[in-house]
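Readers should treat all values here as calculations from the given coordinates under stated rules, not as data from a laboratory. Remember, it's a predicted structure, so these values are computed and weren't measured experimentally. In this analysis, Cβ positions are derived from the backbone assuming ideal geometry, glycine residues included, and neighbour counts consider all displayed protein chains.
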Amino acid sequence: MESGSTVESLKSNGTESLQPCALVIFGASGDLTKRKLIPALYSLSLDSHLPEGFVVIGTARSEMSHEEFRRKMRDAVGEFGRGGLRDPKGWDRFAANLYYLSANHREPESYL
């Protein structure tokens, strides 16, 4: 790997060099999100591997509120996460940055 590359910089500097960002998950009410994505992101959050200001925006056709999405993802982390829900306060910090938008990705109006 080249010296000075972005990946090398991230490895050597940790999260200090990372900027706030948003991850949008399409199909967020599905199995991949609850079994793999959210548990993995929660684990990264606990290990301080996500930047300050990192948010997750889940979207799918299913109707639910932000709070309902957070509740379902909390249950999923308890069931599927490595070590389960091992830090409830850590979950609260992570979940404060979880949002949900009901939308049909095939309809252009969903992107307005």
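Once both labels are positioned 7 Å from their Cα atoms along Cα-to-Cβ, the gap between ASP75 and ASP31 label points is 1.7 nm.
Estimated at 0.36 nm per residue, the fully extended path between ARG93 and ALA22 surpasses their Cα-Cα distance by 24.0 nm. Kindly list the residues of region 60-97 that lie in the label zone of ASN104, defined by a backbone N under 12 Å from the point 7 Å along the Cα-to-C-beta vector. Of the residues in region 60-97, 61-62 have backbone N under 12 Å from the label point off ASN104. Given the alternatives (1) 45, 43, 22; (2) 43, 33, 32; (3) 46, 36, 21, Cα extents along the principal axes in Å as computed for this entry is given by (3). By DSSP, the beta bridges lying fully in the chain are antiparallel in about 0 percent of cases. Near the amide H of ARG61, within less than 5 Å, lie the amide hydrogens of ALA103, all on another chain or at least 5 residues away, with H placed in the peptide plane. Here the Karplus curve 6.51 cos²θ - 1.76 cosθ + 1.60, taken at θ = phi - 60°, turns the phi angles of region 67-79 into couplings of 5, 5, 4, 4, 5, 5, 5, 4, 4, 5, 5, x, 8 Hz, with x standing for Gly and Pro. Enumerate the calculated ³J(HN,Hα) couplings along region 33-50 in order (Karplus 6.51 cos²θ - 1.76 cosθ + 1.60, θ = phi - 60°), each rounded to whole Hz, writing x wherever the residue is Gly or Pro. Working through the residues one at a time gives 5, 7, 8, 10, 5, 5, x, 5, 5, 4, 4, 4, 5, 4, 8, 6, 9, 10 Hz.
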